[in-house]
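*Asks:* Take a look at the following structure, please.
The values are calculated or read from the model by the stated rules, or taken from the named source; none is laboratory data. Given the structure is predicted, the values throughout are model-derived calculations rather than measurements. Here the Cβ is made from the backbone with ideal geometry for all residues, glycine too, and neighbour counts use every protein chain on show.
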Amino acid sequence: MNPSPTKPTPQEIAALKRLAAGIIRAQGNRFVKDLLRANQIRIGANKDEFEANLNAAIENGDLTLKDVSTWLHSVEGWGNQHVYLYSLSAAMQKDLTTAKIQQRVKAAKLDSVWNGETTLAFPEKPELTSISFNDGVLRLIWQESSPSWTPDTGKNYQEQEGLDLYEYRAYRQEERRAITRFEVRVSERIAGLFIPDPIQGPEHKTAKDEALNVIAQLMNRADLEQGLMQIGRLSRNFDQDNIPNNTGAPTKVKTQRSKLTSGGSSIEFSADSPDKAYWEEAAVGNVRVSVKGPQLRAFPGGDGVFVLQAGYFDLTRPLRIQLYARDNRIRLWAQMDVSEVWSILKELSKHQ
């Protein structure tokens, strides 16, 4: 809580309240609690109380635009998305410097979004709102307003007109945003293109193509796509490296499903329960363990569903991920924060 809060202007209050309603509904409870707790604001027992306390803190200046902006950068648009993961060559790493990126941004006439402030941006259509290069991380962010309607039964009413009775049911519009982003962690030579769910319809491909077209103005697109990680092979190896009989120690990764493909044929190992590893059934586990070395490498790869357990690196809760070989795509199923996402992706990248 700010020790001597400055009373915000009516415009700032309105802007932050606009954000607040969407934040409360779009982000998981644990993330909203983190925001309130970090600013020493009373949390409450449910989302309605979260919202009331959040709005009160905004009105009296205990929660500022800077507070919300810092928090949003760590949680908004992370998780519940599709990821394309890239490995950067040494030449690309050397080429990505702040000076060169700034020159290319200027040449592409994208100066207006250099270090763009994204907190209050609600464009109606997908729009590139920020390019930045800070602390060795190149970031591009596209935003799109994605409003939703939530029933508000307190505003319902009935009205009699002649012999007919009409009932009017109210819905409250809430602001949400869809975030597409591209991040390059230069020192670690890894990059990710993050596209929000859903994947059905043309929007996913359009967002991906638009992002890659902009990225091509800042770096060599062919070199980047050459480094696209082969998710089928990664899935195969990640499964192999987390089978208890292979590791000789308890694993913090449960493989719910693993599919090995070769040519037009495949072998699939799966558990009926979404929270169980297929290898927990001893007979199935023994068959999978028998596939080793040259036999395993004969399979170019396949798909996989993995549940990462609490205690896996810095994770504090189980998180489900799915790997798709066909389009080299990673699906993160839960809402996460930036540290959780990058911890998972960097670990996956070790299993190429």
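*Asks:* So in the stretch 194-208, with the set limited to residues that are of a type in the set (A, V, I, L, M) and outside any helix (DSSP H, G or I), which one is nearest to Lys350 (Cα to Cα)?
*Replies:* Ile195
*Asks:* A further question on this structure: Can you find, within the stretch 89-133, the residue that is farthest from Ser339 (Cα to Cα) among those that are free of Cβ contacts under 8 Å to residues at least 12 places away in the same chain and in contact with a helix residue (DSSP H, G or I) (Cβ under 9 Å, 6 or more places away or on another chain)?
*Replies:* Filtering first and then ranking leaves Asp111.
*Asks:* Among the candidates Glu51, Glu76, which residue alone is of a type in the set (Asp, Glu) and more than 30 Å from Gly192 (Cβ to Cβ)?
*Replies:* Glu51 is the lone residue from the list that is of a type in the set (Asp, Glu) and more than 30 Å from Gly192 (Cβ to Cβ).
*Asks:* Find the residue count for the stretch 25-37, including only residues that are at pLDDT 75 or above and either in contact with a helix residue (DSSP H, G or I) (Cβ under 6 Å, 6 or more places away or on another chain) or more than 19 Å from Ala334 (Cβ to Cβ) (or both).
*Replies:* 3
*Asks:* Something else now. Which condition breaks for Leu88 when tested against (1) surrounded by fewer than 16 Cβ atoms within 10 Å (Cβ to Cβ); (2) in the same structural domain as Val214 (by TED's automatic domain parsing)?
*Replies:* (1)
*Asks:* Collect the residues in the stretch 287-339 that are polar (S, T, N, Q) and either outside the structural domain of Leu260 (by TED's automatic domain parsing) or in contact (Cβ under 8 Å) with a residue 12 or more places away in the chain (or both), keeping them in residue-number order.
*Replies:* Gln309, Gln322, Asn328, Gln335, Ser339
*Asks:* Check the stretch 153-173 and report whether any residue there is surrounded by 14 or more Cβ atoms within 10 Å (Cβ to Cβ) and in the same structural domain as Asn134 (by TED's automatic domain parsing).
*Replies:* no
*Asks:* Restricting the search to the stretch 299-339, which residues are of a type in the set (Asp, Glu), more than 16 Å from the chain's Cα centre (by Cα) and either surrounded by fewer than 20 Cβ atoms within 10 Å (Cβ to Cβ) or over 23 Å from Ser273 (Cα atoms) (or both)?
*Replies:* Of everything in the stretch 299-339, those that are of a type in the set (Asp, Glu), more than 16 Å from the chain's Cα centre (by Cα) and either surrounded by fewer than 20 Cβ atoms within 10 Å (Cβ to Cβ) or over 23 Å from Ser273 (Cα atoms) (or both) turn out to be Asp314, Asp327.
Each row is one residue, and each column tells you yes or no for (1) of a type in the set (D, E, K, R); (2) modelled with pLDDT of 90 or more.
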position: Trp149; (1), (2): no, no
position: Glu159; (1), (2): yes, yes
position: Arg172; (1), (2): yes, no
position: Ala178; (1), (2): no, no
position: Ser187; (1), (2): no, yes
position: Ile190; (1), (2): no, yes
position: Asp197; (1), (2): yes, no
position: Lys205; (1), (2): yes, yes
position: Leu212; (1), (2): no, yes
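*Asks:* Turning to a different aspect of this structure: Going through Ala222, Ala178, Ala191, Ala211 one at a time, which residue ends up being of a type in the set (Gly, Ala, Ser), assigned to a helix (DSSP H, G or I), on the phi < 0 side of the Ramachandran plot and in contact (Cβ under 8 Å) with a residue 24 or more places away in the chain?
*Replies:* Ala211
*Asks:* May I ask you to list the residues in the stretch 244-275 that are modelled with pLDDT under 90, loosely packed, with under 15 Cβ neighbours inside 10 Å and part of a loop (DSSP other than H, G, I, E, B)?
*Replies:* Gly248, Ala249, Pro250, Gly263, Gly264, Ser273, Pro274, Asp275
*Asks:* I've got another one for you. Go through (1) within 28 Å of His204 (Cα to Cα); (2) surrounded by 14 or more Cβ atoms within 10 Å (Cβ to Cβ) one by one and return the number of the condition Pro123 breaks.
*Replies:* All conditions are met except number (2).
*Asks:* Among the residues that make up the stretch 302-318, is at least one of them farther than 18 Å from Gln240 by Cβ and either of a type in the set (Ser, Thr, Tyr) or in a strand (DSSP E or B) (or both)?
*Replies:* Yes, because at least one residue in the stretch 302-318 is farther than 18 Å from Gln240 by Cβ and either of a type in the set (Ser, Thr, Tyr) or in a strand (DSSP E or B) (or both).
*Asks:* Of Gly301, Gly293, which residue is in contact with a Gly (Cβ under 9 Å, 6 or more places away or on another chain) and of a type outside the set (Asp, Glu)?
*Replies:* Only one candidate passes the filter, namely Gly301.
*Asks:* Continuing with the same structure: Test Thr118 against the criterion of being touching a strand residue (DSSP E or B) at 6+ places or on another chain (Cβ under 7 Å), under 28 Å from Ile41 (Cβ atoms) and modelled with pLDDT of 85 or more, and give yes or no.
*Replies:* For Thr118, the condition - touching a strand residue (DSSP E or B) at 6+ places or on another chain (Cβ under 7 Å), under 28 Å from Ile41 (Cβ atoms) and modelled with pLDDT of 85 or more - is not met.
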